[in-house]
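Accompanying notes for the structure given below.
The values are calculated or read from the model by the stated rules, or taken from the named source; none is laboratory data. Quick caveat, the model's predicted, so the values are computed rather than measured. Don't worry about glycine lacking a Cβ; one is built from the backbone with ideal geometry, like all the others, and counts go over all protein chains shown. Note: areas computed on protein heavy atoms with side chains; ligands, DNA, RNA excluded. Shrake-Rupley method; radii C 1.70, N 1.55, O 1.52, S 1.80 Å.
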Amino acid sequence: MLVPLQKKDFDKYIDFAYELALDPARTCYPVYYDGVKTRALFEADARKGISLPEDQILLYEEDGVMEGWLHYYYLPEDRYIAHRSCGVRRNTARALQELSEHLAARYPGCEWAVGFPSENQEALDWVKAAGFELLEDSQYYTFHFGQYIPGPEDPSVERITEENYEKFQRVHHAIEGEMYWNCQRLREDLPNWDLFVAEEDGVAGEVMALDAGDGFYSIFGVVCEDRRFHENLYRRLLVRALTEGKRKGARYLTFFEDTVEEANRIMRSLGFHHVGRYLGYHKII
């Protein structure tokens, strides 16, 4: 049974929720066992569930015992639902099925996006059986800027502005597919993004990154327009994003990378820490 969390009960259940968030086999993304995100950050995000109108926290109860914490948010302008946290101690599939019914009744026709660690097999089995489409299968990395010393800036990696946005659009339009951050949304939100492009042997590539605040910097992707891996081009773009994060005073970076072994080798050589495998799905409910 799903029960909306009451504000007065927040402190009663927050420890339980955080404990679930630290278990790869019982939580969703974003994860809090990555050595970067803290208990304070988890609690700050959780409080949005009792303070923001489009957020809700549902407690999953079974046989009188609290077994799960399901925190989602809704973006009305995009008709899009995603999670800030979602942890279930026992009977994950049953909890997700009840959540699915709740969301379908409340937001019919909306897109529901979920992401889980590869260790959360029960959740992954449920999303596949429920007809969700796989959007992303990637490796999750973190990076600590403390010991990072940038080299000379590469002038051939070009920063994207409104004036030269078509150079980025050329690459991104070729690979955006159904991703949320498409060319249009990125252009509308351009002041908040660090976008760079570069070319090599006639192939253009892009890196998307942003300052997430509180010392966090995030790389959303390094990709080439032909969807193939070009090692030197990839390294140049990735290093440019690291240099920008350092310049902005970031302490940590998070990044989801493809499963291409050459890319993961570069990540390790630059000092990235591998956290685990991420699987992202979506469905119109």
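See the values below:
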quantity	calculated
Selected from 143, 255, 220 as most flexible by GNM, with the chain as the system and alpha-carbon contacts under 10 Å	220
Neighbour cut-off at most 16 other Cβ (10 Å), DSSP loop, trypsin sites (Lys or Arg not before Pro), region 191-271	227, 228, 248, 251
Lys/Arg +1, Asp/Glu -1 at C-beta; region 100-166 dipole; positive extreme among 142, 157, 115	115
Convex hull projection area averaged over all views, region 188-255, Cα basis, nm²	4.8 nm²
By accessible area with a 1.4 Å probe, ligands and nucleic acids excluded, highest first: order of 267, 1	1, 267
Gained length - residue 227 relative to residue 90, 0.36 nm times residue gap less alpha-carbon distance	45.3 nm
Estimated [θ] at 222 nm from DSSP helical runs (n ≥ 4, -39500 (n - 2.57)) normalised by residues in the chain, nearest 500	-9000 deg cm²/dmol
Approximate spin-label separation residue 158-residue 137, in nm, with each point projected 7 Å along Cα-to-Cβ	3.5 nm
Apportionment of accessible area to carbon and sulfur, the chain, percent (1.4 Å)	49 percent
Interchain or long-range residues, amide H under 5 Å from residue 135's placed H	280, 281, 282
Low-density loop positions, chymotrypsin sites (Phe, Trp or Tyr not before Pro), region 8-53 - DSSP coil, at most 14 other Cβ in 10 Å	33
Förster radius 35 Å - calculated FRET efficiency between residue 182 and residue 39 (Cβ-Cβ, nearest 0.05)	0.50
Separation of the residue 106 and residue 78 label points, Cα + 7 Å toward Cβ, nm	1.8 nm
Region 50-193, Rg to Rh (Cα coordinates; Rh as Kirkwood inverse mean 1/r)	1.06
In region 34-139, trypsin sites (Lys or Arg not before Pro) in a DSSP loop with at most 15 other beta-carbon atoms within 10 Å	79, 90
Nearest-20 debye value, region 170-281 charge dipole, Cβ charges on Lys, Arg, Asp, Glu	420 debye
Entries of 7/248; 48/283; 8/37; 7/128; 12/248; 7/246 with Cα pairs more than 29 Å apart	7/248; 7/128; 12/248; 7/246
Heavy-atom SASA rank of 14, 149, 50 (probe 1.4 Å, accessible area, largest first)	149, 50, 14
Counted charge near residue 77, where neighbours are those whose Cβ lies closer than 14 Å (Asp, Glu -1; Lys, Arg +1)	-3
Exposure rank, largest accessible area first [173, 71, 83, 274; 1.4 Å]	173, 274, 83, 71
Cα-based Kirkwood hydrodynamic radius, region 10-102, one decimal, Å	13.5 Å
Size of electric dipole in the chain: Cβ of Lys, Arg +1 and of Asp, Glu -1, about Cα centre, debye, nearest 20	640 debye
Charge dipole of region 30-84 about the Cα centre (unit charges at C-beta), most positive-ward option of 82, 38, 50	38
